[in-house]
Structures are given as structure tokens and as C-alpha cells.
Amino acid sequence: MIEGETGGRDVVLDLEAGLEHMSRGTPRYVDTLVAVVEPYFRSLETGRRVVDLARELEVPAVHAVANKVRNEADQEAIRAFCEGHGIDLIATVPYDDGLIEAERAGRAPVDFDPDSEAVTAIRGLAERLTA
């Protein structure tokens, strides 16, 4: 849980990738759903289906986050896909070897390298979502 500036509480739930949780209606009672997509067709298509199901469940706010973006071509592919499917792309997390190193070290990325590009992008996303 994240303690917000207004004293309210936000709960962040990380669901396993795929559509199973969506088809069960797991996010039925959430206020905001963020689909994380990577610059690969299969990931983008899964993200689109997640967004469609979230809309069917009437989730009030549905967004996408671009993850593991290596270059401008990756960013453009994700941006164009989201735009073409009416998906609100709210953040980009760059590919960062530091995240792999943190995982190998058994440490949270924010503790391993709090100033890395990926951690900075994730922090910005968290601030945007809790604002």
C-alpha cells in the first residue's frame, strides 16, 4: 500500500501477465488499471485485449505503460499501436540492465540503483497515478 499525500490509501496489485485474471473479473472493483506492454506484437496485442476487457468491466481509468523500451523505434511502435487502438499511453520505462542486476542481487531496483533511468521513470509513473 502507498500512503498518499491526502491521507488516502492506494493499493497497487501486480497481476500475472495474461488474460486469465481479466476473464475472471479480478479488476472489477479497481479505479485504475495499467497494462504494461513491451515493443513486441504479442505483448501489444495482449495489452490491447487487457484494455478491452477492462473497459468491458467498466474500470474507470485504463492506461498503458511502455516497458523495456530500447530506442526511438520501440517507442514509436508502442505509441502508434496505442494511438491506433485508443489506448492512453501514460509512461515509458526504458530497458535497463540495472533491473536485471538488481534481480540477481535479490534487491529491489529502487534500493540497488535509485537513480537509474528505469527507476526514475517508474517513480514518475507512481507520482502520476497517485496525484
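The values are calculated or read from the model by the stated rules, or taken from the named source; none is laboratory data. Only a predicted model underlies this, so the values are computations on that prediction, with no experimental measurement involved. Note: ideal-geometry Cβ built from the backbone for every residue, glycine included; neighbour counts use all protein chains shown. Keep in mind that these areas ignore ligands, DNA and RNA; they rest on the heavy atoms of the full protein, side chains included. Shrake-Rupley method; radii C 1.70, N 1.55, O 1.52, S 1.80 Å.
Per-residue accessible area (protein heavy atoms, 1.4 Å probe) orders PHE81, PHE112, PHE41 as PHE41, PHE112, PHE81, starting from the largest. Each label point was placed 7 Å from the Cα along the Cα-to-Cβ direction; for ASP88 and GLU101 their separation is 3.6 nm.
Between GLU117 and THR26, the FRET efficiency from the beta-carbon distance, with R0 = 25 Å, is close to 0.20. Here each label is just a point 7 Å from Cα along the line to Cβ, and for GLN75 and ALA108 those points are 2.8 nm apart.
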